[in-house]
Amino acid sequence: MNDRLIRALKGQPVDRPPVWFMRQAGRYLPEYREVRSRVSFLELCRSPELALEVTLQPLDRFRLDAAIVFSDILPVLEAIGREISFEPGMGPRIHEPLRDRAGLATLVRPDVAVALPHVPATLKMFREARPDTPILGFAGSPFTLLCYLVEGQGSKDFKLTKRLLWEDPEAADQVLGLLADVVGDYLQSQIDAGAAAVQMFDTWAGVLSPPDWERWAGRYAARALARVKGAPRLYFTRDSSPFLSRLHQTGADAFGLDWRVDLAPAREILGQDTPIQGNLDPIALFAPPEEIKRRVHAICDAAGPTGHVFNLGHGVIPSTPIAGVEAMIEAVHERV
Ligand code: CP3
């Protein structure tokens, strides 16, 4: 088994940093678009055979050190009792958004083995298909899932979510507690099915002030991660500069950082022994190959030789040139 990812996540020496990247199976790949021309996004998420096929696509094209299981963060909202849909060009929709205390009674506490079987099934198939490659499992954070549950879609200002937090904190605590327990059990089911590590995506936590991050994002990320044992647990968030010093409150083993974070000072704040992941600006993949390589080397120099997993600072975007991705991966391979 290629053990660079696990060694880096444990702070052990490696010949070069491991590399994988967020949304590595996605719309920038023609072979992904080909599968999507035949099935909807949700059908893809619900079919372990097809999910395995697209999980493998970037591994077959690039020299990557890890896969990430193909799915989405929103099926967890289905499991607690909401219908979801993806309309082309509109992003996700959550039907019957939760806006007040009355909505609480309509949520359910599922058995994750029954309600969320697809990702563990895909992971088991992956372990058979690629015994030499580690695979990450993932879930959305309780706070980021609450954002979608309350807004019913993406948002610029998360006004409805913040209103719920501040108008009825007790109701918000109940939903976040439910989400934390379900997310924790779901991540554990992925480790039990063969995930070498798991990543919690707290995409929207950066919209909170540092005290609110502690109260609403950090606290519930910690509650979820406390239920997860047996593999390294990553916490990814965007716009984390204002609360870097608080990230350890999540109890995560390693932290994914976006491109606005300077890695050398971030390591000082987090502690030199804390593994980090990141953080090339996904838009840098549109730059000339030499510029991409210069940036990859600068990130690796700032992070230092151990405890660093190379990644983008957020997901690759659909129109990204394949040549940019190739230049990025080649530059990481030059680090030996
Ligand atoms: O990283 C990977 O390759 C694994 C797969 C993965 C997807 N979504 C596939 C996907 C992961 C880890 C996610 C997480 C996810 N989903 C997050 C957190 C991470 C992040 O990017 O911040 C969030 C906020 C979502 C919710 C979501 N799903 C959005 C906002 C969208 C985009 C809607 C759009 O049309 O632009 C999705 C859809 C989605 N998830 C796609 C993929 C490949 C594109 C769907 C398609 O094929 O049409």
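Residue-by-condition table, conditions (1) more than 29 Å from M1 (Cβ to Cβ); (2) open to solvent by 20 Å² or more (accessible area, probe 1.4 Å):
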{"site": "E167", "(1), (2)": "yes, yes"}
{"site": "V182", "(1), (2)": "yes, no"}
{"site": "A197", "(1), (2)": "no, no"}
{"site": "D202", "(1), (2)": "no, no"}
{"site": "R227", "(1), (2)": "no, yes"}
{"site": "L234", "(1), (2)": "no, no"}
{"site": "D239", "(1), (2)": "yes, yes"}
{"site": "L247", "(1), (2)": "no, no"}
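For the stretch 216-233, state whether one or more residues are over 21 Å from G140 (Cβ atoms), of a type outside the set (V, I, T), in a helix (DSSP H, G or I) and more than 18 Å from the chain's Cα centre (by Cα). Looking for residues that are over 21 Å from G140 (Cβ atoms), of a type outside the set (V, I, T), in a helix (DSSP H, G or I) and more than 18 Å from the chain's Cα centre (by Cα), one finds none in the stretch 216-233, hence no.
Entry remark, the stretch 90-128: residues being within 13 Å of E78 (Cα to Cα), over 23 Å from the mean Cα position of the chain (by Cα) and part of a helix (DSSP H, G or I) number 1 in total. With respect to the stated conditions, L59 fails to be surrounded by 18 or more Cβ atoms within 10 Å (Cβ to Cβ) and touching a Leu at 6+ places or on another chain (Cβ under 8 Å).
This table checks each residue for (1) without any contact (Cβ under 8 Å) to a residue 60 or more places away in the chain; (2) charged (D, E, K, R).
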| site | (1), (2) |
| --- | --- |
| H118 | no, no |
| K124 | no, yes |
| R127 | no, yes |
| I135 | no, no |
| V150 | yes, no |
| E167 | yes, yes |
| A172 | yes, no |
| G177 | yes, no |
| V183 | no, no |
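Counting the residues of the stretch 304-336 that are open to solvent by 10 Å² or more (accessible area, probe 1.4 Å), under 12 Å from P18 (Cα atoms) and of a type in the set (V, I, T) gives 2.
For the stretch 64-79, a residue qualifies if it is more than 21 Å from L5 (Cα to Cα), within 12 Å of the ligand (Cβ to nearest atom) and of a type in the set (A, V, I, L, M, F, W, C), and the qualifying residues are I73, L74, V76, L77. The listed residues are R61, R36, R46, R82, and the only one of them that is at pLDDT 95 or above, near the ligand (Cβ under 10 Å from one of its atoms) and among the charged types (D, E, K, R) turns out to be R36. Is it the case that G81 is open to solvent by 50 Å² or more (accessible area, probe 1.4 Å) and on the phi > 0 side of the Ramachandran plot? Answer is no for this residue. Cβ-Cβ distances below 6 Å connect the following pairs, each with a first residue in the stretch 240-264 that is over 18 Å from L9 (Cβ atoms), a second residue that is surrounded by 16 or more Cβ atoms within 10 Å (Cβ to Cβ) and among the aromatic types (F, W, Y), and a separation of six or more residues or different chains: F243/W213. Give the stretch 1-28 a look and list any residue that's crowded, with 22+ Cβ neighbours inside 10 Å, touching a Pro at 6+ places or on another chain (Cβ under 7 Å) and not in a helix (DSSP H, G or I), or say none. Once the filter is applied, which keeps residues that are crowded, with 22+ Cβ neighbours inside 10 Å, touching a Pro at 6+ places or on another chain (Cβ under 7 Å) and not in a helix (DSSP H, G or I), the stretch 1-28 yields Q24, A25, Y28.
Could you tell me whether the stretch 304-314 includes any residue that is more than 16 Å from the ligand (Cβ to nearest atom) and either within 24 Å of Q190 (Cα to Cα) or under 17 Å from the mean Cα position of the chain (by Cα) (or both)? Checked against the condition, which is being more than 16 Å from the ligand (Cβ to nearest atom) and either within 24 Å of Q190 (Cα to Cα) or under 17 Å from the mean Cα position of the chain (by Cα) (or both), the stretch 304-314 yields at least one hit. Out of the residues in the stretch 129-152 that are more than 16 Å from the chain's Cα centre (by Cα) and in a loop (DSSP other than H, G, I, E, B), which is nearest to the ligand (Cβ to nearest atom)? Ranking the qualifying residues of the stretch 129-152, first place goes to G152. Working only within the stretch 259-303, note down all residues that are open to solvent by less than 60 Å² (accessible area, probe 1.4 Å), closer than 20 Å to S240 by Cβ and of a type in the set (D, E). D281 - this is the single residue of the stretch 259-303 that is open to solvent by less than 60 Å² (accessible area, probe 1.4 Å), closer than 20 Å to S240 by Cβ and of a type in the set (D, E).
G206: outside any helix (DSSP H, G or I) and over 22 Å from V108 (Cα atoms), yes or no? For G206, the condition - outside any helix (DSSP H, G or I) and over 22 Å from V108 (Cα atoms) - is not met.
Quick one: in the stretch 186-215, of everything that is under 29 Å from E167 (Cα atoms) and more than 16 Å from the ligand (Cβ to nearest atom), which residue is farthest from the chain's Cα centre (by Cα)? Working first, answer last.
Restricting attention to the stretch 186-215, the residues satisfying the condition of being under 29 Å from E167 (Cα atoms) are 200-215.
Of the ones still in play, those that are also more than 16 Å from the ligand (Cβ to nearest atom) are 209-215.
Values: S209: 21, P210: 21, P211: 23, D212: 21, W213: 18, E214: 20, R215: 21 Å.
The residue in question is P211.
One residue alone among A264, A252 is within 16 Å of the ligand (Cβ to nearest atom) and either part of a helix (DSSP H, G or I) or farther than 16 Å from L64 by Cβ (or both), and that residue is A252.
The values are calculated or read from the model by the stated rules, or taken from the named source; none is laboratory data. Owing to the predicted nature of the structure, the values given are computational and were not obtained by experimental measurement. Backbone-built Cβ (ideal geometry, glycine too); neighbour counts: all protein chains shown. In case anyone asks, the SASA skips ligands and DNA or RNA and just uses the protein heavy atoms, side chains included. Shrake-Rupley method; radii C 1.70, N 1.55, O 1.52, S 1.80 Å.
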